[in-house]
Amino acid sequence: MKLKHYQEKVLTTLKEYLSALSEFEAKYERALEIDPDVASDYNFPKHAFTQATARTIYHSKTNGLNIPLPDFYFKIPTGGGKTLLACHSIDLIQKSYLKKQTGLVLWIVPSTQIYRQTISALKNREHPYRQVLDISSGGRTLIKEKLEIFNRLDVEENLMILMLMLPSANRQNKETLKVFRDSGGFTDFFPAEDNYPAQHELLKQYPNLDYFGEESEVFNQQIKTSLGNTLKILKPLVVIDEGHRAYSEQSRNTIRNFNPGIILELSATPPPNSNELVKITGRELHEEEMIKLDIHLTNKASWDWKDTMLSSYEKQKELETKAKEFEENTGEYIRPICLIQVERTGKDQRDSGYIHAEDAKEFLIKNCSIPEDQIAIKSSEKDDIEGIDLFSKECEIRYIITKQALQEGWDCSFAYILTILTNPQSATGITQLVGRILRQPNARKTKVKELDECYIYTYKPNAATLVREIKNGLESEGLGDLAGRLVNDSDGGNEGDLHDKELKYRAKFKKFEGKLYLPKFVIQEKESWRDIIFEADILNGIDWDKINIGDIIEKTLSSKQTKEQELTLGLSREESELLKETGRIEKVGTLEIDEAFLARQLSDVIPNPWVAFELGHKALKLLSEKYNKETLAANFVFIIEELKKILEKERNRLAELVFKRLLDRKQLCFFLIQEQGHHLLPSHIKVKSNRQLVRSDNSPIQASLFDYVPEEDLDETEKTVAIYLDEQEQLLWWYRNRSRKDIHIQGWQKNKIYPDFIAAKKSQTTNDDYETVYVLETKGIHLKENDDTRYKKNVFDLCNELGAKKPWKELFAEFPDKNFEFQVVFEDEWQSEINRIIK
């Protein structure tokens, strides 16, 4: 499954953090060897977090052994693919930080619904989640549920995912929970009961293990052979889904007491005092076509709930007609579903004066002629959708009636309509249900307006309360920045009414409309020019024989080898089990070196599988001159990661050579072309916003190219820069370049460069024209020396160099004699740098 742009951003940030974490943990371990007391004050997770994020506020955690614990959050809104990101993150953490392919991952979820959904996906070898894990482990993935027994070999030879539901890990009633009960199934991890010295030594190494007895007793302490104790010994990688649900101190202590090596938490709404490594906004999801927007709220003026039901029924019919037309045109199947929230679902509650699930069902059957098999009730007592594939063409369900049963974890992108028949004065259930209709089918817009939006119907006219609660619902799903995309289609009033704003040039800049170009790199084709196609023009031109992987020999491999065990299983004398372990031999073992697996891992850097295989083979051959086969096998994962880094660096180096060779041969040029495209500033744009950017003294923005700048389109640094540009008298106009929509520069790397701002300096001869255009890219301090920043600076320097060789009017006769300057400015020096370039 191809990752979305924001998902790649999450994983890139994680890579940088894990790299810093490894660096600072190594310092911590060296300090432990020299002076443990000094090392105890060295908080390596905090240092790594600060380096990766440039944020100094970090909430430190320790595990049950009082060791500093890396604990961080991904803030991913509903519909953002948290589980897929968790699987990719496991791969990165295993390889980049833990330096292994096998071991235990403890995956904790908060509810039965999420538990069933996740375990089903992970056990399905055809599912993208499982495929990511299988690629990471080389096909040795083992999925276990909380009550399943496992042994030491399972953990050492596989990437083992153990699913656990949070209430099961709650420490308050631990003696009644199976996680903490003494169990004969985990004796493999503990010394024999009568081996008191070994029991004492293990307790000394893991002092937080649960045990029977006291030290003063005849038989000393007896360690419990429980799942809880097993987890403490294995120091798992912990993944917490919907982490905000685990935020009671009691739950937190339970999880930290499992002695995790690292904790990754995922949530749409991280709790206070969490270490938010990455934050993805609802806007980013919308740009990637992951969610349905706008949200249409229809608040019926009638006090009869049946009128609301009738409106939602009509909307479902309308959407189904559109969906059938869409299927005829594209072959893609969508069956719009309406979710109906009622006040009661219990079998003995129907005559209580509240709207009951059976009332809604009866209305649909009798008044709307809906077949019964198209209606399902989902409640704690009745579950008509259990085990049903709602995406199947064979499924007839179009209406699902519930009270609160469809909350976090229920995902069906065919859900388009939410009908609320509860009292809108109460927020119960509304905030959870609003997120259920947001997901876009196939994570891709249909280009049919009605099928790319979602709908909410309610009754009892209290629009203000409803709008507030639905916005709260968006915030609880991590989509608070999209609250402005709520369109109120109420029968009366205009509460929350917000439509597209079409922005145009300010009157004083109208003469520039359709005439503001930026130069770009183009490929010559006979009598015409076209944009660069990275794969065809750059990647295809690389001479892979010139890749130098010599640096791989400089990598130091660990001499530590894995151990494997040979178990003998014989028939058990006990009737309760068929087989029983009768013998065990521990010996030094190796992971198998698989060159085909290595080639597959390199394929995201080297597109040609044969070249990838040859380079992998060459790397192993070079290392074999220095290390024996057993050491290579023990470090196989580390070798893969280091080789990928070397190859990526080499690919970029050779791509730059291809790019500059094309320039030298005049096949690639940098100039202005008078045509529509991504080098012409737009003459109008559409935005949805309820907050306009203003100057620091609260006066209106005056020099922006368009007459309105949405505040929520800018982060804090960008706001500050934008306001500063607006206040400069030397500048005639400025424009906030929209990422992935407006002007971009294609260099020798795959990702296009979208600069943050375009600004124009006033002409020295007249105040209503400009002479120089500045293309500005802003960067945080912590990104000053990273590869991406160096690349952008190099591309910008090349643009400046090429642009200085000839006057622009020679390159493009109809373009006035303007100058262009491309600059990367940093957070700690942007003000002085802007002052320098405009003066």
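The values are calculated or read from the model by the stated rules, or taken from the named source; none is laboratory data. Note that the structure is predicted; figures quoted are calculated from it, not measured. Glycine gets a Cβ as well: all are built from the backbone with ideal geometry, and neighbour counts include every protein chain shown. Quick note on the areas: whole protein, heavy atoms, side chains included, nothing else; ligands and nucleic acids left out. Shrake-Rupley method; radii C 1.70, N 1.55, O 1.52, S 1.80 Å.
Here are the numbers:
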{"read-out": "Residue 829-residue 624 FRET efficiency (beta carbon distance; Förster radius 51 Å; 0.05 resolution)", "value": "0.60"}
{"read-out": "FRET efficiency estimate (nearest 0.05) - Cβ-Cβ, residue 27 to residue 198, R0 25 angstrom", "value": "0.15"}
{"read-out": "Given 508/761; 793/818; 4/752; 204/235, the pairs whose alpha carbons are separated by over 20 Å", "value": "793/818"}
{"read-out": "Lysine pair count for region 286-327 [Cα-Cα under 21 Å; pairs on different chains or 8 or more apart]", "value": "9"}
{"read-out": "Reachable lysines from residue 546, criterion Cα separation under 22 angstrom, eight or more residues apart if same chain", "value": "555, 618, 621, 644, 645, 649, 660, 750"}
{"read-out": "Global geometry of region 89-211, whether rounded, prolate or oblate, following the gyration tensor of its Cα atoms and the 1.5 cut on a/c", "value": "oblate"}
{"read-out": "With all protein chains modelled, accessible area of residue 320 [1.4 Å, Å²]", "value": "30"}
{"read-out": "Residues in region 54-74 that a label on residue 208 would reach, taking backbone N under 18 Å of a point 7 Å out along Cα→Cβ", "value": "59-72"}
{"read-out": "Tensor-based shape of region 691-768 (alpha-carbon gyration tensor, a/c under 1.5 rounded, otherwise prolate or oblate)", "value": "oblate"}
{"read-out": "Cα gyration tensor shape of region 26-115, rounded if a/c is under 1.5, else prolate or oblate by comparing a/b with b/c", "value": "prolate"}
{"read-out": "Distance in nm between pseudo-label sites at residue 666 and residue 131 (7 Å out along the Cβ direction from Cα)", "value": "4.7"}
{"read-out": "Per-residue HN-Hα couplings for region 77-86 [Karplus 6.51, -1.76, 1.60; θ = phi - 60°; Hz; x = Gly/Pro]", "value": "x, 3, x, x, x, 4, 5, 4, 5, 4"}
{"read-out": "Rough spin-label spacing in nm, given labels placed 7 Å along Cα→Cβ, for residue 354 and residue 553", "value": "7.6"}
{"read-out": "Segment residue 501-residue 648, length gained on full extension (0.36 nm per residue, minus Cα span)", "value": "48.6 nm"}
{"read-out": "Largest to smallest accessible area among 649, 515, 306, 144 [probe 1.4 Å]", "value": "649, 515, 306, 144"}
{"read-out": "Those aspartates and glutamates that a straight Cα-Cα span of less than 13 Å connects to residue 46, excepting residues fewer than 8 apart in one chain", "value": "23, 25, 71, 276"}
{"read-out": "Estimated FRET transfer efficiency when R0 is 60 angstrom, pair residue 800-residue 595 (beta carbons, to 0.05)", "value": "0.85"}
{"read-out": "Per-peptide average of other Cβ atoms within 10 Å, ordering 651-662, 746-757, 202-213 highest first", "value": "746-757, 651-662, 202-213"}
{"read-out": "Heavy atoms of residue 380: accessible area, 1.4 Å probe, square angstrom to 10", "value": "120"}
